[in-house]
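Encoded as structure tokens, the structure appears first; notes follow it.
The values are calculated or read from the model by the stated rules, or taken from the named source; none is laboratory data. Just so it is clear, the structure is predicted and the values come from calculations on it, not from any experiment. Because the Cβ atoms are built from the backbone with ideal geometry, glycine has one as well, and the counts that use them run over all protein chains shown.
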């Protein structure tokens with residue numbers, strides 16, 4: 001794992017999804033980590049935002065159940081469960097992550 005290689009001093013830096021670091025910080029305590037997150041900003045050539053999605057396949061034999069699951073994922077309760085389990089950015093404005101994430105809006109700011 002790239003993050004563990006940074007923690008072990010095997011490599012100086014690695015590209016990771018932020019939730020790996022936040023989950024490790026939650027497990028071990030930030031003060032016990034050697035690594036820190038650096039967020040590449042908007043218009044920087046290294047900037048990357050990774051999204052996850054959900055959909056119901058047209059060929060699904062369980063479309064109604066699948067749609068209920070997708071609806072749950074997008075609901076307030078579903079988003080609260082997702083962001084509490086992992087340091088993911090919520091889809092909904094009325095859901096706040098307990099991980100004290102860097103505000104998503106900061107990634108969209110133009111360089112001055």
Return only the number of the condition from (1) touching a helix residue (DSSP H, G or I) at 6+ places or on another chain (Cβ under 8 Å); (2) not in a loop (DSSP other than H, G, I, E, B) that residue 65 does not satisfy. (1)
From the list 91, 48, which residue is within 30 Å of residue 9 (Cα to Cα) and either part of a loop (DSSP other than H, G, I, E, B) or in contact with a strand residue (DSSP E or B) (Cβ under 6 Å, 6 or more places away or on another chain) (or both)? 48
Hey, residue 16 hits all of (1) modelled with pLDDT of 95 or more; (2) surrounded by 15 or more Cβ atoms within 10 Å (Cβ to Cβ) but one; which does it fall short on? (1)
Could you list all residues from the range 1-35 that are within 16 Å of residue 100 (Cβ to Cβ), in a loop (DSSP other than H, G, I, E, B) and touching a helix residue (DSSP H, G or I) at 6+ places or on another chain (Cβ under 8 Å)? 33
Among the residues of the range 86-104, which ones are in contact with a helix residue (DSSP H, G or I) (Cβ under 9 Å, 6 or more places away or on another chain) and closer than 21 Å to residue 30 by Cα? 86, 87, 88, 89, 96, 97, 98, 99, 100, 101, 102
Answer yes or no: is there a residue in the range 75-83 that is without any contact (Cβ under 8 Å) to a residue 40 or more places away in the chain, in the same structural domain as residue 4 (by TED's automatic domain parsing), under 24 Å from residue 4 (Cα atoms) and surrounded by 15 or more Cβ atoms within 10 Å (Cβ to Cβ). no
Can we say residue 54 is under 27 Å from residue 96 (Cβ atoms), assigned to a loop (DSSP other than H, G, I, E, B) and touching a helix residue (DSSP H, G or I) at 6+ places or on another chain (Cβ under 7 Å)? yes
Between a residue in the range 17-34 that is outside the structural domain of residue 89 (by TED's automatic domain parsing) and any residue that is assigned to a helix (DSSP H, G or I), which pairs come within a Cβ distance under 6 Å, given they are 6 or more apart or on different chains? 20/3; 33/25; 34/7
Looking only at the range 40-64, which residues are loosely packed, with under 11 Cβ neighbours inside 10 Å and closer than 23 Å to residue 91 by Cα? 43, 48, 49, 50, 51, 52, 53, 55, 57, 64
Select, from 96, 49, the only residue that is within 15 Å of the chain's Cα centre (by Cα) and modelled with pLDDT under 90. 49
A careful count of residues in the range 94-108 that are over 11 Å from residue 18 (Cβ atoms) and either in a loop (DSSP other than H, G, I, E, B) or touching a strand residue (DSSP E or B) at 6+ places or on another chain (Cβ under 7 Å) (or both) gives 7
